[in-house]
Amino acid sequence: MELRPTTDGDLPALYATFVDAVDTVFGPRGFDTPSPSVEGFANLQRHVLATGVGYVAEESDEVIGFGSAWSRGDDWFLACLFVRGRAQGRGVGSMLLDAVWGDARRRRTVTDAIQPVSNVLYGRRGLVPATPLLTFEGVPRLSAGAAEARADLAAIDAVAYGFDRTIDHRYWELHARRTEWGDAYSYAFPRGDIGPVAGTTSAAAARALAAELARSEGAVRVRVPGSARELVEVALRAELRLGPVPGLVLLSPGAEAPTALAPSGYMLF
Ligand SMILES: CC(C)(COP(=O)(O)OP(=O)(O)OC[C@H]1O[C@@H](n2cnc3c(N)ncnc32)[C@H](O)[C@@H]1OP(=O)(O)O)[C@@H](O)C(=O)NCCC(=O)NCCS
């Protein structure tokens, strides 16, 4: 087994590895395996690789696992760690994690709550579950008004994320519609995904989420940390349904659970 840096040509193998690995978590427990579109998955991986670090594990010229992470200043985020079912439990995941670990003051990742292996793997390295990440889906029933106004994205990110997201806004702008609400911003993707939604306060982020939900025309999906209580209340008020498998936001010492944020997802946060 060998590790090497991920290349653009690996993207189809990454997708196949992701689907295989995730199915080992969801399938046996009777849950539907998440299946992002190939295109959406590839776009996200390309951005993560362009702005972070990625390694694949290969055996007999076949990709059996991959890991990727990005850093923004002193803040590190583990975007992906996936090992094919037949290769799990042999130390491949730990080696990939070492390869993308780097040197950072604060660390974060998101796991599936039903996956003990990853949660233990990261917990031993000081990343422990701080709050659930709830997936809300459905057609929102909400009428709320909010006025659009220019927003200072960097100032909002400093509060909502605690680190700079300038290069990620370039990615989100390319694939989603951003609305600025003065003290908050929100992104809405063409297939109904909403997020990130971020504000200078939890109330500001909650108003932006309510406004985004109120104007959406079909089914949406938004991920909200339990620690962002006012945003959870908005999702419940909009009568969205709660998905059966929550994520967990894992944090190292020094990283705070978000209170004014509905992140973009599990890989780019
Ligand atoms: C999570 C994953 C990447 C780990 O990779 P891996 O190659 O299987 O992991 P490793 O063999 O390096 O290490 C697994 C460790 O978990 C431990 N472990 C397994 N089940 C456990 C449990 N229920 N409780 C505690 N520890 C457990 C193993 O003993 C091993 O530790 P050790 O090396 O000290 O013996 C891989 O299993 C995977 O892809 N799973 C499906 C997809 C997934 O959930 N990815 C994570 C997304 S957040």
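What follows is calculated from the coordinates using simple rules that are stated; it is not laboratory data. Predicted model, so just to flag it, every value in this text is computed and none were measured. All Cβ positions, glycine included, derive from the backbone under ideal geometry; neighbour counts span all protein chains shown.
Report, to one decimal in Å, the Kirkwood hydrodynamic radius for region 172-227 based on all distinct Cα pairs.
Computed over Cα pairs of region 172-227, the Kirkwood hydrodynamic radius comes out at 11.2 Å.
As a ratio to 2.2 N^0.38 Å, the alpha-carbon radius of gyration computed for the chain takes the value 0.98. Compared with the direct C-alpha span, the chain from Ala203 to Arg90 gains 36.1 nm at full extension, assuming 0.36 nm per residue. Nearest 10 degrees, 0 to 90: what angle lies between the long axis of helix 38-51 and the longest principal axis of the chain (Cα atoms)? Taking Cα atoms only, the helix is inclined about 80 degrees. Full extension of the chain between Arg191 and Asp32 gives 55.3 nm of extra length, using 0.36 nm per residue less the Cα-Cα distance. Annotation: the antiparallel percentage among DSSP beta bridges lying fully within the chain is about 85.
Extension gain for Arg150 to Arg229 (0.36 nm times residue separation, less C-alpha to C-alpha distance): 25.9 nm. Under the convention that each Lys and Arg Cβ holds +1 and each Asp and Glu Cβ holds -1, the size of the dipole of region 70-134 around its Cα centre is about 120 debye.
Helix 166-175 axis versus longest C-alpha principal axis of the chain: approximately 80°, rounded to the nearest ten. Taking label points 7 Å from Cα along the Cα-to-Cβ direction, Met1 and Leu236 give a separation of 4.3 nm.
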